[in-house]
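These notes are about the structure you will find just below.
Nothing in this text is a laboratory measurement; each read-out follows from the coordinates by a stated rule. The structure displayed is predicted, hence computed values, not measured ones. Cβ: placed from backbone, ideal geometry, glycine included. Neighbour counts: every protein chain shown.
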Amino acid sequence: MIIGITGGIGSGKSTIAKELAYRGFGIYNCDKRAKEIIAEESIVQFRIKRLLGKKAYKDNHYNIPYVSKRVFAEPELLQALNELIHPWVYKDLQDIKIFRDSRGATDKLFVESAVFKESGLDKLCDKIVIVDAPVETRIRRVLDRDYYGKNSALNIERIRARMNAQKDSLTDLHCPTIRVTNDGSLEIKDIVDQILSQL
Ligand code: ATP
């Protein structure tokens, strides 16, 4: 069974995925996998340079500060970049699903991503868990989380812009969904119990 975990920025997807990993479940992290593909696949590198210019890679490494600045300023570039990478992640997970099906795998694999609909990954999932939390709670969490980190440029304006860009991602998914609320009233382990009891 392949189960998606999604939700807007700061909803707590990664925190829930961490608890699932702690309990021994397999986690496929789409952002992480996309970064590996961007680093490893020469065709992807070629296309990213064609889209964003040679500066998109610095000393053969993906130049995240440059790319972030460009795509934040031009949303159509972000869309083009996503459209370039999504099919690679889709193909990668599809191969895993084919392999699992051929082996008759019965264990649960959780797939974490903020964008199932746009990437088509919802078509590979049996169910998707949507994690939700109030907007102000999510903003506060992201500010707290990223204040000292490499994302310290993620100010309120950028968080709201990202929320706005994500707002249609959680509707009309191609598989059944389960909704859980991570607003602080329940511990993460209890939310995970709630999820597992519904699968
Ligand atoms: P993103 O889309 O930005 O990756 P996310 O949905 O994966 O966000 P997390 O990174 O899991 O969200 O959570 C955001 C921050 O909020 C983290 O620092 C996390 O530790 C914290 N957090 C998540 N859930 C809770 C909670 N129930 N109580 C307190 N802090 C929480």
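Annotations
- Its relative contact order, with pairs defined as Cα atoms under 8 Å and 6+ residues apart, puts the chain at 36 percent.
- Only Lys, Arg (+1) and Asp, Glu (-1) charged, at Cβ; the chain dipole about Cα centre in debye: 620 debye
- Model label points for R100 and T181, set 7 angstrom from Cα along the Cα-to-Cβ axis, are 3.0 nm apart.
- Histogram of C-alpha separations across region 1-87, 5 Å bin width, %: 3, 12, 21, 21, 15, 13, 12, 4, 1
- For the cross-link pairs K35/K69; K18/K69; K13/K35; K54/K167; K18/K189; K18/K127, the ones whose C-alpha atoms lie over 21 Å apart are K18/K69; K54/K167.
- Stokes-Einstein diffusion coefficient of region 2-197, Kirkwood radius over Cα pairs, 4 °C, 1.567 mPa s, in µm²/s: 73 µm²/s
- Couplings 3J(HN,Hα) of region 112-128, computed from phi: 9, 7, 8, 10, 7, 5, 5, 8, x, 5, 4, 6, 9, 9, 7, 8, 10 Hz, in residue order, whole Hz [Karplus 6.51 cos²θ - 1.76 cosθ + 1.60, θ = phi - 60°; x for Gly and Pro].
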